[in-house]
Amino acid sequence: MTLTSHDPIPASNLDGAVEDYSRDKVYVLTALFLAAVTVLEVLTYAYPDFPVWADNLLIPVLMIMMAVKFFTVLYIFMHLKFDKPILTWVFYAGLVLAVLVYLAMLSTFRIWWPESHS
Amino acid sequence: MAEALTARESIKAADAHAPSAHIEHDTNTGISNTKLGMWLFLASECLLFGGLITTYLLYKRPLEGPTPEEIFDIPFTSTSSFVLLMSSLTMVLAVSAIERGDHERLRIWIGATALLGATFIAGQIYEFTVFVREGLGFTTSRFSSAFYTLTGFHGVHVTIGIIMLMSLVLLSLRGKLPEHRSETVEIVGLYWHFVDVVWIFIFAVVYLVP
């Protein structure tokens, strides 16, 4: 069977996959989406007074955009969406452990209450 | 020489008759140990980069020397980030190319990925050079040490990725990367995408958060 670049790759042909893989068109659209989010991120620097992220909203808005890019690459480009769930669990084990350990560390150093250092 | 050519021809002949599908792995998970191992390695890398990013956050306010606001060139770093992001697209297109047996495009996309990665590294070297000229050495402040360690470690990861990509191009040119071995490209791709997601985090937390 000859596949063209527009056909999904059958899961039966792929090691560990449980769903058919998307093809090039989906990857290009995903990259365009990621580029658009990056432009938005840079706009927060260029226009810091824009109402959507003015004042205290800047950090939450940046964190949300970062998370969207992070999980888009993880699920589409790294194929977690199509692979066996065990791979998602393996990666999340490390990710969650890292987040918890370092949140505890930052809290120990009172980074959330900078005024308490003085 | 003649023997080497014969060996290469025999590998090509064996590959030509190999099934296009991946080899069925007789493991408890049904996934090859190499792929599972790479995901475990990437999970452990979260702890490495988590530690470096946390250290940077703790030391972000320098007691002496230039501050991040004074020294960072956001438009330049944004361009570098965009270049690295696009390298993820070329990498995933390379994986797609080998899975459908298109070796010429595989080499083109892997070459493009390596080139984009090298452009990112060149940008990082230029950025470091400018920072040092402006008085931000590795030992200038706790901020500078944390910053150079974090971004330097990431740069080393990108450089290792480029070496792996060039090895794939060489393997492909020598006919040792047929489509039934596409998992090799996929695993290098996983590493490359992880380096990209780490930079997504660094770009937001180090450069953009005021």
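Among the chymotrypsin sites (Phe, Trp or Tyr not before Pro) within the range B:111-143, those in coil by DSSP and having at most 16 neighbouring Cβ atoms inside 10 Å are B:138.
Think of it as helices only: each DSSP H run of n ≥ 4 in chain B is worth -39500 (n - 2.57), and spread over all residues that comes to -26000 deg cm²/dmol at 222 nm. Extension gain, residue B:138 to residue B:34, is 33.7 nm, computed as 0.36 nm per intervening residue step minus the present C-alpha separation. For the range B:153-210, the set of trypsin sites (Lys or Arg not before Pro) satisfying both a DSSP loop assignment and a count of at most 13 other C-beta atoms within 10 Å is given as B:174. Rounded to the nearest Å, what's the spacing between the alpha carbon centres of the range B:80-123 and the range B:48-75? Just the number, please. If we compute the Cα centre of each part, the gap is 30 Å. Mean partner shielding of peptide B:200-209, defined as the number of other chain Cβ atoms within 10 Å of each residue Cβ, is 6.
Legend: mean number of C-beta atoms from other chains within 10 angstrom of residue C-beta atoms, peptide B:186-196, equals 3. Take every pair of alpha-carbon atoms less than 8 Å apart whose residues are at least six positions apart; their mean separation over the length of chain B yields a relative contact order of 34 percent. So if I take the alpha carbon set of the range B:27-127, get Rg, then get Rh from the Kirkwood formula, what is the Rg over Rh ratio? Over the Cα atoms of the range B:27-127, Rg/Rh equals 1.11. Taking a ≥ b ≥ c as the square roots of the eigenvalues of the Cα gyration tensor, an a/c ratio of 1.5 or more together with a/b no larger than b/c marks the range B:157-196 as oblate.
On the basis of the beta-carbon distance and an R0 of 35 Å, residue B:156 and residue A:99 show a calculated FRET efficiency of 0.90. For a modelled paramagnetic label at residue B:70, 7 Å from Cα along Cα-to-Cβ, the residues of the range B:126-141 in reach, with backbone nitrogen under 12 Å, are B:134-137, B:141. Hull volume per residue, based on the alpha-carbon atoms of the range A:19-103 and their convex hull, is 97 Å³.
A simple packing score, the average count of other Cβ atoms within 10 Å per residue, orders the peptides A:57-63, A:46-52 as A:57-63, A:46-52, with the highest score first. With N counted as the residues of chain B, its alpha-carbon radius of gyration over 2.2 N^0.38 Å works out to 1.23.
Most tightly packed first, judged by the mean number of other beta-carbon atoms within 10 Å of their residues, the peptides A:30-38, B:92-100 read B:92-100, A:30-38. Mean per-residue shielding of peptide B:42-53 is 5, counting Cβ atoms of other chains within 10 Å of each Cβ. The stretch between residue A:108 and residue A:86 holds 4.6 nm of extra length on full extension. This uses 0.36 nm per residue minus the Cα-Cα distance.
Read-outs: derived from the displayed coordinates by stated rules, not from any lab. Since the structure is predicted, the reported quantities are computational estimates derived from the model, not experimental observations. Cβ: placed from backbone, ideal geometry, glycine included. Neighbour counts: every protein chain shown.
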